[in-house]
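Please read the structure below before turning to the comments.
Where a number appears in this text, it was derived from the coordinates with a stated rule and is not lab data. On a predicted model such as this, the values are computed, not experimentally measured, just so you know. Cβ placement follows ideal geometry from the backbone for every residue including glycine, while neighbour counts extend to all protein chains displayed.
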2 protein chains.
Amino acid sequence: MRKVTINDIAKMAGVSKTTVSMVFNNKDENISRETREKILNIAKELNYIPNSIARSLATKKSYSIGIILPDITNPFFSEIARAIEDEANKLGYNVVLCNTDNKVKKEEEYVKLLISKLIDGIIFIAGGESKRSIDLIKNNNIPFVLVDRYIDGYEECYGVFCKNYDGVVEGVEYLLSKNKRNIVFVNGPKDLEISRQRFQGYKDTMMKYGLFKEKLVYESDFTLEGGKIVTQRIINELKDFDAIFYSNDVMAFGGIKVLLRNGFKIPEKISIMGFDNIQISQFIEPELTTIAQPIYDMGKRACSLLIDIINGEENIEKVYYFMPKLIIRSTT
Amino acid sequence: MRKVTINDIAKMAGVSKTTVSMVFNNKDENISRETREKILNIAKELNYIPNSIARSLATKKSYSIGIILPDITNPFFSEIARAIEDEANKLGYNVVLCNTDNKVKKEEEYVKLLISKLIDGIIFIAGGESKRSIDLIKNNNIPFVLVDRYIDGYEECYGVFCKNYDGVVEGVEYLLSKNKRNIVFVNGPKDLEISRQRFQGYKDTMMKYGLFKEKLVYESDFTLEGGKIVTQRIINELKDFDAIFYSNDVMAFGGIKVLLRNGFKIPEKISIMGFDNIQISQFIEPELTTIAQPIYDMGKRACSLLIDIINGEENIEKVYYFMPKLIIRSTT
C-alpha cells in the first residue's frame, strides 16, 4: 500500500482535485451536498489524512500549544502535563513538550522555537524570574497562561494558581490540633513566590499561637536529595521537634527515609506533612499526610483558559485560584 | 513594544524585504557577506523570530517528532519522554506528546493527527496490538521507532528494546544465591510481549534448578493497585514463599505496602525484587532492589535513531537491545 493522495480521491469521486481541496478546506459553498459527502466518504474509506500545515499557513492557526515546564520526570509536572494534554486533545489541539530544568536561558530558547512554529498559545510554568521569556511571548502577541508559579510584576497575566498560603495554614492548624508544638518548616527555594507564600502561612499561624521560632525554619530545593540533606541537619541541630512540615512532597519522601534510618518512629514520635499530593504520596509506606493541590483540575483549567483566549472569547476570568485541601494519611 | 516583522528589519538595514527573506531562507548566494551579517545582527538585536511554518511547507519538514505513549504520569514513560525531548532539542527538533492509555483507538487518532501536521517521525510505545496504527504510519512513509514494547509481526521495524529475558534471569539467579527457593513471580498483562519475555526468564531459571511450580505464578496489570490486590491474594493463598519478583517496580511498591501492613519483615522474611528502576525505587524505604532498564539511554537512542532515519542516513543499525542490570538495594 502507498500513501493516499488528494488525486486518488478526485479520481475515485470523478471530480477535479480543486473540488476535493475545496471540500477539505471548508470552502465548499458551491459544491453539492451529494458530491461533498461522496468525497468525504471516499477519504474516510481510504484513510486519507489531509495536510493541515497548508491550512495553518493560511489561517495562521496551528492547533498546537506549547507547555514549558521545569522537568516532566517531576511527578507534579507530569500530572499537570497529562491534564493539559487530555483537555487539549478534547478541544482539537496538540501539545508540544519543553523541559527547562528551571533555566531561564532554556525557557527563552523554547519560547523562540515555539513562536517560530506559529504555536497558538503557551502554558508556562516558570522556573524563576522569567521576565525576558514572558516579554518575548507578549511582544509576539501569543496567548499564554501561567500555572502554579507566579511571576512578580506580571500579576495582570492570565494564570491558574493554588492558594498556597491557605493550604499551609490548614496544615499547621491540624498539626497544632494534634498537640504538636515544635513544628519544623522546610521551605522551598526563596526566589520562588510559591515558597514565600507557603512560608508566610506557616509563620503567621505559628506567630498567632506564640510558637514561631527562627531556628525551626529550614530551606531546601524541592528535591529528594535536598530533603535528605536538610533532614540530617535538622536531626543534628535540633533537640526538640515533634513535627516536620515539608513544603513539597518530594522533600518529605527524602526526609522520611532519613528519619526512619535514624530510628525515629513516624507518626508516633514525629509527624510528617507534605504539600502537593503527587501520586507517590500513596506509593510510600507510611502514606504521606499532605496538602493536596488539585493538580489535574489546575492543568485542565489552564488548558481550557488558554484555548478560550486563543478563540477570542470575551468575559474570561483572568486568574483562577484553586483551594488546596488537607489529606490525612499515616504520617501524622 | 509590538511584534518585530521582516519589514522592520528591511527598513533598518536599508534593503528590500525580499533580500531579508532570502537571507532567512539561506538563499543568499547573491547577497554580500556584509549585508547578510547586517541583517542577521539586526534580527538578533530586535529578537526577531522567523516563521518556520512557511519553510516547513516548502521543505516538507516540520522539525517536529511525536511521542505516542500510554501515560506520561507513569514514571517509566516520563523518564523516557524526558530523554527523547532532551535529545530532540539538541538535534533541533521539538516533541509532540500523545497519551493513549493503552487504547489502540486513541493511538490511531493520534497517528492521523500527527501525520496531518506533517510530523517528521514518530516514537511509538505501543499499548497493545497496535497493528492498524503501525500500518497507517508505514503507508504514509513516516519514519518511526518502536520503544520498549515489541509488536508481533513487525520484527523488521526500527526499535529500541531491553533484554527483558536476561534481566529476569539475573534477578532470579541472585535471589537463588540468597537461598530463596519459593520465589513468587508476578507477571504483567499476558498480551504484552515484554510480559511473556520476563515470565520466560523466570520460568527457565526456576526449571533449571527444579524449582518451578505453577502455583507460584501470578498475574497483574503493572499498576500500584494491581500490585496491592495480587499481593493480598498471594498472602491468602500461599503458605511458603520467601521472595516475590514483581515484573515492574510499580507493582512492587503496592506489594511492599501490603506486606508491611501484614507484618512481614522485608528483607528478613521476604525478599522483594522489581523491574525497571524508575526513580521512585529510591524514594521508598526500604529502597527497592530491582532490574534496571537504562531508561534514559533507551529514550536518547530512540530519538537519535529516529532522526538518523529522517535524515536518510545509511547503514543504520535497525534494532538496539539494551542490557538491563541488577541493582541491589535494601529489599533483598
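Indicate the gyration tensor shape class of chain B (rounded, prolate or oblate), computed on the Cα atoms with a ≥ b ≥ c the square roots of the eigenvalues: a/c under 1.5 is rounded; otherwise a/b larger than b/c is prolate and the rest oblate.
Taking the square roots of the gyration eigenvalues as a ≥ b ≥ c, chain B is prolate.
At A:GLU268, label 7 Å along Cα→Cβ: distances to the other copies, nm, ascending?
So the label point of A:GLU268 gives 1.4 nm to the other copies.
Would you mind calculating the gained length between A:THR223 and A:TYR154 on full extension (0.36 nm times residue separation, minus the Cα-Cα distance), in nm to one decimal?
Taking 0.36 nm per residue and subtracting the Cα distance, the gain is 22.2 nm.
Which shape class, rounded, prolate or oblate, goes with the protein assembly as shown when its Cα gyration tensor gives a ≥ b ≥ c as root eigenvalues, a/c under 1.5 marks rounded, and past that a/b bigger than b/c marks prolate?
Oblate, since a/c reaches 1.5 and b/c is not below a/b.
First measure r as the distance between the Cβ atoms of A:ASN179 and B:ASN262, then evaluate 1/(1 + (r/R0)^6) with R0 = 30 Å and state the FRET efficiency to the nearest 0.05.
About 0.50, to the nearest 0.05.
With everything on Cα atoms, drop me the angle between helix A:33-45 and the longest principal axis of chain A, reported from 0 to 90° to the nearest 10.
60
Separation between the A:ASP71 and A:LYS215 pseudo-spin-labels, each 7 Å from Cα along Cα→Cβ, expressed in nm?
3.3
In nm, one decimal, shortest first: how far is the label point of A:LYS90 (7 Å from Cα along Cα to beta carbon) from the matching points in the other copies?
Copy-to-copy label distances for A:LYS90: 3.8 nm.
How large is ³J(HN,Hα), in whole Hz, for each residue of segment B:242-252 in order, when computed from phi with the Karplus curve 6.51 cos²θ - 1.76 cosθ + 1.60 and θ = phi - 60°, using x for Gly and Pro?
10, 7, 10, 9, 8, 7, 8, 5, 4, 5, 4
Can you classify segment B:164-294 as rounded, prolate or oblate using the Cα gyration tensor, where a ≥ b ≥ c are the square roots of its eigenvalues, rounded means a/c under 1.5, and otherwise it's prolate if a/b beats b/c and oblate if not?
rounded
Return one quarter of the surface area of the convex hull spanned by the alpha-carbon atoms of segment B:6-59, equal to its mean projected area, in nm².
Mean shadow area of the hull around the Cα atoms is 3.6 nm².
Check which residues have an amide H placed less than 5 Å from A:LEU326's amide H, if you skip close sequence neighbours.
Those lying under 5 Å, H to H, from A:LEU326 are A:ALA292.
Using only Cα atoms, tell me the angle between helix A:295-310 and the longest principal axis of chain A; keep it within 0 to 90° and round to the nearest 10.
40
Among A:GLY201, B:ILE280, B:ILE31, pick out the residue whose Cα is farthest towards the positive end of the charge dipole of the protein assembly as shown, where Lys and Arg carry +1 and Asp and Glu carry -1 on C-beta, about the Cα centre.
After comparing all options, I get B:ILE31.
Could you check the spin-label model distance between B:GLU193 and B:GLU109? Points 7 Å from the Cα along Cα→Cβ, value in nm.
2.7
Any idea what the B:SER32 label distances to the other copies are, label 7 Å down the Cα→Cβ vector, nm, shortest first?
So the label point of B:SER32 gives 6.4 nm to the other copies.
Pick out, from B:ILE49, B:ASN94, B:ILE72, the residue whose Cα sits farthest towards the positive end of the charge dipole of segment B:39-126, with +1 on the Cβ of Lys and Arg and -1 on the Cβ of Asp and Glu.
Highest projection toward the positive end goes to B:ILE49.
Sorting A:TYR150, A:TYR321, A:TYR93 on the 10 Å Cβ count, fewest up front, what's the list?
Taking fewest neighbouring Cβ atoms as first place, the list is A:TYR321, A:TYR150, A:TYR93.
Relative to the present Cα-Cα distance, how much length would full extension add between B:ILE235 and B:LYS208 at 0.36 nm per residue of separation?
7.1 nm
What ranking of B:LEU97, A:LEU46 emerges when the number of other C-beta atoms within 10 Å of each C-beta is taken as an exposure proxy, fewest first?
Final ranking by Cβ density, sparse to dense: A:LEU46, B:LEU97.
Please tell me the relative contact order of chain A in percent, rounded to the nearest whole number, where contacts are Cα pairs under 8 Å and at least six residues apart.
17
To the nearest Å, what is the center-to-center distance of segment A:26-44 and segment A:254-314, using C-alpha atoms only?
51
Quick one: Karplus J couplings for segment B:269-285, per residue in order, coefficients 6.51, -1.76, 1.60, θ = phi - 60°, nearest Hz, x for Gly and Pro?
Taking θ as phi minus 60°, the curve returns 9, 10, 8, 10, 10, x, 8, 2, 6, 5, 4, 4, 3, 9, 6, 7, 10 Hz for segment B:269-285.
With r as the distance between the Cβ atoms of B:LYS27 and B:LYS61 and R0 = 22 Å, compute the FRET efficiency 1/(1 + (r/R0)^6) and round to 0.05.
Rounded to the nearest 0.05, the efficiency is 0.85.
Could you compute the FRET efficiency for B:THR5 and A:THR35, with r as their C-beta to C-beta distance and R0 at 41 Å, rounded to 0.05?
The calculated FRET efficiency here is 0.50.
Relative to the longest principal axis of the C-alpha atoms of chain B, give the angle of the C-alpha long axis of helix B:164-177, reported between 0 and 90° and rounded to the nearest 10°.
With both axes taken from Cα atoms, the answer is about 40 degrees.
Would you calculate, for chain A, the mean residue ellipticity at 222 nm contributed by helices, counting each DSSP H stretch of 4 or more residues as -39,500 (n - 2.57) and dividing by all residues, to the nearest 500?
So the calculated ellipticity at 222 nm is -14000 deg cm²/dmol.
Please compute the Kirkwood hydrodynamic radius over segment B:1-134, one decimal place, Å, based on all pairs of different Cα atoms.
17.5
What is the fewest-to-most order of A:GLU29, B:GLU313 by other Cβ atoms lying within 10 Å of their Cβ?
The most exposed by this proxy come first: A:GLU29, B:GLU313.
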